[in-house]
Amino acid sequence: MRIETKAIHVGEEPDLRAGSYGDVSRPIHLSSTFATLDIDKPTGGYDYSRSGNPTRDALEKKLAAIENAKFGLAFSSGLAAESLVCLSLLKPGDNIVAFNDLYGGTRRLFDKILTGDLSVGIRYMDARKPENVIGLIDNRTKLVYLESPTNPLLKLADIAAISEIAHRSNVPVAVDNTFASPYFQNPLDLGSDIVIHSTTKYINGHSDSIGGAVMVNSQELYDRFKFEQNAIGSMLSPFDSYLVMRGIRTLGVRMRQHAENAMKIAEYLESRKWVKKVFYPGLPSHPQHDLAKRQMRGFGGMISFEMDADRIQVEKFLKNLRIFSLAESLGGVESLIELPSRMTHKGVPPEERQSLGISDSLIRVSVGIENVDDLIEDIENAFSRGTF
Ligand SMILES: Cc1ncc(COP(=O)(O)O)c(C=O)c1O
């Protein structure tokens, strides 16, 4: 089955046995606990919804299917998913080798909680060059952690090459695949061991649920993560599980439209004089365009661009937009825009932001699936209403 078909059917096969209703859409099982006839074995297969819930189970099957994984787990947020993986694999004194360009919240988790509170070392490197990983792995390295494309600069890591290097030392590789979505990239197929998503973004796709996911092929990793998720209690609610399942059904059509609109907007931005630089893996000008073509099936809906403007002009431009909302987050059907240096990435120290390339005039766009001509007109009007 291809991804569009799996996204609709897996986990939601109608139950046509006597006494069932044949729902084509999985119902929401809100019950927190389940009655049983047998003391030692729950009659209906479930005992308590933190440990297992029919709606969440259906979602987890679908999540695994769309990432070509054997197992999926649904969490209360993307950060809950990341935290679980890290807490499960690392103890004080261990270290993570990580891409230095990561979502700001991941940096906060790594720098403040893992390093600050739990004495886990984080060895940041520029993962655009796979060989940078080599010298950093030692016998206390328990995880290589990547995002590709990264947030906000759309840098890529060669997932196959880095996985091959990490596996020489038996270190597992986790990839945050939120930006690409499973529709355009499947890190497990490229050789990684763990895929992480903020389902808040493209997977749910409608900006009305916070959630996270972990997908793996290894039974051992799954059993460990499942046990610890129950022990810690960071699972997704039945209602949100229903919403995310509903969102996944349209993942294919949404992603195709996000990518088509993003390509047109990226090309338009490249042609404007107010724009110094556009970052989009689908543009031939992207320094890793060849790698993008190799490891992704499409280039996604996220663009960043650097304006040739001062702080006041950047603010004016953002406030002049009518269709794009000034907001954090991404991956919903509606277009959003934000200023990473003062919004999503304000927690990254200013010197580090500068060295990574997150300047004060870098703008990040989550291109929605509205009519692209309306979106381009909105940007053009906002530029011309400014002082450009
Ligand atoms: C790439 C990436 N990973 C993880 C997260 C964290 O996800 P959540 O906000 O669902 O905790 C985000 C949030 O913006 C993100 O952009």
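The values are calculated or read from the model by the stated rules, or taken from the named source; none is laboratory data. Here the structure is a predicted model, which is why all the values come from computation and not from measurement. So basically every Cβ, Gly included, is an ideal-geometry build from the backbone, and we count neighbours across all protein chains shown. Accessible surface is based on the protein model in full, side chains and every heavy atom, while ligands, DNA and RNA are left aside. Shrake-Rupley method; radii C 1.70, N 1.55, O 1.52, S 1.80 Å.
For this structure, a couple of remarks:
- Inter-site label distance for Glu351 and Asp40 at 7 Å from Cα along Cβ, in nm: 6.5 nm
- Here the calculated FRET efficiency for Leu16 and Asn170, from their Cβ-Cβ distance with R0 = 41 Å, stands at 0.35, rounded to the nearest 0.05.
- Spatially proximal lysines relative to Lys61 (Cα-Cα < 24 Å; intrachain offsets below 8 disregarded): Lys6, Lys41, Lys70, Lys201, Lys226
- Protein heavy-atom surface of segment 187-279, 1.4 angstrom probe: 53% of the accessible area is carbon and sulfur, with nucleic acids and ligands not counted.
- The DSSP beta bridges internal to the chain are antiparallel in roughly 55% of cases.
- A DSSP coil position with no more than 10 other Cβ atoms inside 10 Å describes the following chymotrypsin sites (Phe, Trp or Tyr not before Pro) in segment 19-52: Tyr21.
- Cα lying deepest toward the dipole's positive end in the chain, options His286, Val244, Ala98, charges on Cβ: His286
- Amide N proximity, segment 251-293 versus Asp208 label position 7 Å along Cα-to-Cβ, cut-off under 16 Å: 251
- Between Ser209, Ser76, Ser355, the Gaussian network model of the chain with springs among Cα atoms under 10 angstrom shows the greatest mean-square fluctuation at Ser355.
- Whole-number percent relative contact order across segment 244-365, with pairs defined as alpha carbons under 8 Å at least 6 apart: 22 percent
- Each label was represented as a point 7 Å from its Cα along the Cα-to-Cβ direction; for Ile312 and Asp189 these points are 5.2 nm apart.
- Taking the Cα centre of segment 98-255 as origin and assigning +1 to Lys and Arg Cβ atoms and -1 to Asp and Glu Cβ atoms, the resulting dipole is close to 240 debye.
- Surrounding net charge for Ser241, when Lys and Arg each add one and Asp and Glu each subtract one, Cβ distance under 12 Å: +1
- Whole-number percent relative contact order across the chain, with pairs defined as alpha carbons under 8 Å at least 6 apart: 17 percent
- Virtual spin-label span in nm between Ser325 and Ile376, 7 Å along Cα→Cβ: 2.6 nm
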